[in-house]
1. For the range 111-125, enumerate the residues that are among the hydroxyl-bearing types (Ser, Thr, Tyr) and open to solvent by 60 Å² or more (accessible area, probe 1.4 Å).
2. Answer yes if at least one residue in the range 410-431 is open to solvent by less than 20 Å² (accessible area, probe 1.4 Å), farther than 30 Å from ASN302 by Cβ and in a loop (DSSP other than H, G, I, E, B), and no otherwise.
3. Run down TYR470, TYR545 and say which single residue is closer than 23 Å to SER563 by Cα, assigned to a loop (DSSP other than H, G, I, E, B) and either under 20 Å from the mean Cα position of the chain (by Cα) or not basic (Lys, Arg) (or both).
4. Which residues, taken from the range 248-264, are open to solvent by less than 30 Å² (accessible area, probe 1.4 Å) and within 13 Å of LEU207 (Cβ to Cβ)?
5. If you take the residues of the range 650-676 that are among the charged types (D, E, K, R) and open to solvent by 30 Å² or more (accessible area, probe 1.4 Å), which of them is nearest to the chain's Cα centre (by Cα)?
6. Going residue by residue through the range 434-455, is there one that turns out to be in contact (Cβ under 8 Å) with a residue 40 or more places away in the chain, assigned to a helix (DSSP H, G or I) and either farther than 30 Å from PHE686 by Cβ or of a type in the set (S, T, N, Q) (or both)?
7. Being among the aliphatic types (A, V, I, L, M), under 22 Å from the mean Cα position of the chain (by Cα) and open to solvent by 40 Å² or more (accessible area, probe 1.4 Å) is the filter here; which residues of the range 210-247 pass it?
Amino acid sequence: MTSIIKNQIIKQLSKYARNVTPDQITVEILRGKSELKDVELNEEVLTDVLELPPWLRIRRAYCNRVQVKVSWTKLTTVPVKIFVDEIQVDIVMSDAQPTSSRPAPNVADMSYGFANKVAEGLSLYVNNVEVNFDSAAFGGSITFTRLSVESRSPGWQAVDDLHFTRITDQSLDQTLLFKQISWSLLRVQGSAHSPEQSNKRSINAPLRLITNGGRCRIVVKKNASDGRVLCGRIQVISEDLLWTATLPQVRSAIEFYKHILHLINSTQKPVELPPPDHTLRPDRRGTRTTGTPSHKVFQNFNIHQTSFHLYVDRTDFHLCDDDSAGRGFPESWNMESGAMQIVVSRLSVDAYPSTPAASDRSTWVRYAAPNNCTAWMNQLLQHNYNKISQGLDGSARERFSRMWPQLQTEAIVVRIDDIDVKCVSVQSTKRDALLSFFSSNAKSRLSLPSNLPIFHLELCNFFYPASQSYPLPPTSAHIQLGPFNLLLDTQTLRWMAYMLGDISSALEGGLDSQNSENPQVDVRVDLLMPKIIVPSCAPEGDSRYPKRFVISTSTLALSNCASCEPNSLAGFLSNLTGGALDFLDNCAFEVDREFLKATMLGLKQPLESFSGDIWALNTSQIWIDTDNGDECPSIPLVGDVSLRCCVVPSETQINIIAEPQSKCNVVIDHFQFVQFMKLLDTLTKFADQMEADKNFFAKDPSSETKTPKLAIYCLLEKICANLLLATGKLANPYDKPMSTMLLDHSRNSPGVENRRKQR
């Protein structure tokens, strides 16, 4: 009896394993236990079963011991448990075309019965999983420790009965399954191969990412009659993530990303739609009854579309510079071994591969609709529909109107509850003296809904599922940020410009290098309650000189699709006169005045007739204060005034035309004026320093990089300036304080000198 069972096991395993012998199998029939040792899987069959992309190929898969535990009398309630000690998988990444062809799916057997449900309830426990990947340029490994796959209840609790891990609605003929994958340690490491490295498996792991624990929750909706998968949801939840990366490591990660893109593009083939399936399936739905308890429970946990989600509770990222290439730094550079800490709290990334473009998004996970993004999206879709329809003839317009409701979108939503970016620090920086370069404004967030994140990004790409011949709307991106505080620290800005310049140079030659045309993207950025803090150098011990200039507003909107928002630039530059244009001819500025005048005249006309890119900026009331810190009272400098601006970029010059919507009131005293003049001098020197750093870190020092000129024109109808003069005697900054002068005078008086002589 035992030999018969072993032969049947070998017969079934021979499809997936190599050279399995009866000596490798231990069977205890009555106890429901079986054990296999030293199993080597068939890599070709495993590659086809897992449906890996063409650029991934399994080279070797090995398992040292497998133990199976089956409760024969409780197969419907107790899961079959599989215990694995160690799994090792070697994967090759190559652009070579695969030699084996995947077999066509067998659709003849549409039964979904007892054996399928037993297989769906399997539980898997693995002590260690190590996946080694190798390519011509990179190598690395991914390691899971104490990996487990279990069936869970809809509330993700561990249960003893498999009946509580699925919900079936007989009226809809659909079933929901709930599985959870968890691990105690995840380690990812990799590095680039050096040319002289003979053994590619020996890597020094300059890239390393370690997480303490995580879990993956999977919900699958199937047809209860034939087991077809209708849709699914995958949620990856990670605990605290800490990653410290140097600049060479970031460049290495970018090169690995570009290498993967090259493999994907080189092995990409046109997608062939499968032939229609005319197999008759039994309809067991009958009469739909929606009032049953099972239907109500099913609707509470029902999923309507396939989606992928990533949640990270806290991410602590440290970015450090490293001059390993020996390029050196400028003489005035005082930030060697600089580092920046970025703390992201409650990060969530949601991806929806296909959803109706005109849907209300009410079925999205943890998504509060309607909101600013949905309102702008509906407005954008209506504008694009009208714009595309106007360019078509009668019959084409009718076909397009029938196709438009089928428009789908690929959407990615990124939300962050809180962000804290510290200023750049060096080895001598004390922790208490480290300020926040970017942080959320906790006081302002109290007046907003509690579920509103500080950062919200939505990317939407449109497509038709059944046709590619109809015109599509451009890709859209909506960003909502705030409330936040931004400290314009010159040292941090200078360090960030160096780091971003190095990273952008490493990104050159990536995916976009093959396409010379830049696709149009509709962008809108909404800032809520931003506060920009500009520090100024004030003398110590004198509170009359302000230490900060604080610029605040309630809302700020920036968009490059002003044509679909007619109210954003309605009546812009209506007060522009010929004298205001002639003023430019009398100014000796090193800018293209004719281009600036042409831009201003073009903005007075309807936006449809303007040729070129336009970025429209609208703000609510803006006010500027001065203070000596967060806990100190502020003194107003500029009263409430709203602005409308237009930014027209070109290769040689960027024109910014601003128009206040009300009278501008300025109240400034002597001390504010002194600090303001010092600030202007500091900004001038900082701009010169940034230009010098750009030329120093350029790839080719001999070639001069031309920066587009910046022309700012502000049309002020009325301004009211009040200058408050100081009363009393003003202390000279070159003189000693009065207390020090009195102390020196008392020490040098004749009486004191006589007492010294008597002593």
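1. SER111
2. yes
3. Result of the check over TYR470, TYR545: TYR470.
4. Hits for the range 248-264 are VAL250, SER252, ILE254.
5. GLU651
6. The answer is yes; a qualifying residue exists.
7. ILE210, ILE234, VAL236, LEU242
Quick grid of which residues meet (1) touching a helix residue (DSSP H, G or I) at 6+ places or on another chain (Cβ under 8 Å); (2) over 30 Å from GLN689 (Cα atoms); (3) open to solvent by less than 60 Å² (accessible area, probe 1.4 Å):
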{"position": "LEU446", "(1), (2), (3)": "no, yes, no"}
{"position": "HIS456", "(1), (2), (3)": "yes, yes, yes"}
{"position": "CYS460", "(1), (2), (3)": "yes, yes, yes"}
{"position": "TYR470", "(1), (2), (3)": "yes, yes, yes"}
{"position": "ALA477", "(1), (2), (3)": "no, yes, yes"}
{"position": "LEU481", "(1), (2), (3)": "no, no, yes"}
{"position": "PHE484", "(1), (2), (3)": "no, no, yes"}
{"position": "ASP489", "(1), (2), (3)": "no, no, yes"}
{"position": "ALA497", "(1), (2), (3)": "yes, no, yes"}
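The values are calculated or read from the model by the stated rules, or taken from the named source; none is laboratory data. No experiment lies behind these values; they were computed from the predicted model shown. Note that we place each Cβ from the backbone using ideal geometry, even for glycine, and neighbour counts take in every protein chain shown. Side chains included, ligands, DNA and RNA excluded: accessible areas come from the protein's heavy atoms. Shrake-Rupley method; radii C 1.70, N 1.55, O 1.52, S 1.80 Å.
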